[in-house]
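For reference, the structure is listed below as structure tokens.
The values are calculated or read from the model by the stated rules, or taken from the named source; none is laboratory data. Nothing here was measured: the structure is a model prediction, and the numbers come from that model. Don't worry about glycine lacking a Cβ; one is built from the backbone with ideal geometry, like all the others, and counts go over all protein chains shown.
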Amino acid sequence: MKRAIHLSIFAFMLVGSGVAAPAFAQPATQAPLRQPDVIYVPTPPEVVTAMLKVAKVGKDDVVYDLGSGDGRIVIAAVKEFGASRGTGIDINPVRISEANENAQKAGVSDKVRFLNQDLFETNLSEATVVTLYLLPSLNVKLMPKLLAELKPGSRVVSHSFDMGDWKPDQTLDVNGRAVYFWTIPAKR
């Protein structure tokens, strides 16, 4: 027991000093908050670019990616499109850790954050752009939340899947992959 405590203190001192900790010092992997609704499949870079272009992401935008995986969409939104901030939401802590590492490598960790949360329970009200790559049934389930929490004029972009009866403002074909775009309408 004493040896394990000493190894943990040693690993903490190494990490705190900026020195890479040995493999035994890695934290235990935390389980997802609940069973994920989808399997992790990364969005190809050309689709990420098309999604952010169709949403006209710019300096005044706060981009939320629901089911953010490795963080590539919010990282690109900030780094390549100049969004003021980005937030990735993922239920799997392994993806959150990976996304934080990617943000650090990209030099944007001061403008992005990744939250280990359930996207159906996350407050989306500060987002001006929401991106997603979820199944159609999840998009339809998410639609009332998007319409209730996002301000009129906010944009929603989905890779591959639509939102049932909510007709998109625009649909793109990116190398055989669909991208759907909606604008949140004025409140009635």
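Results, tabulated for the structure shown:
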{"item": "Conditions (1) assigned to a helix (DSSP H, G or I); (2) surrounded by fewer than 18 Cβ atoms within 10 Å (Cβ to Cβ); (3) touching a residue at least 24 places away in the same chain (Cβ under 8 Å): number failed by Lys141", "result": "(3)"}
{"item": "Whichever residue in segment 85-108 is more than 21 Å from Ala50 (Cβ to Cβ) and assigned to a loop (DSSP other than H, G, I, E, B) and, among such residues, is modelled with the highest pLDDT", "result": "Gly107"}
{"item": "Residues being polar (S, T, N, Q) and surrounded by 12 or more Cβ atoms within 10 Å (Cβ to Cβ) - total across segment 171-188", "result": "2"}
{"item": "Restricting segment 144-188 to residues that are among the basic types (Lys, Arg) and part of a strand (DSSP E or B), the residue that is farthest from Ile73 (Cα to Cα)", "result": "Arg177"}
{"item": "Leu124 vs. criteria crowded, with 23+ Cβ neighbours inside 10 Å, assigned by TED's automatic domain parsing to the domain that holds Lys53 and not β-branched (Val, Ile, Thr)", "result": "no"}
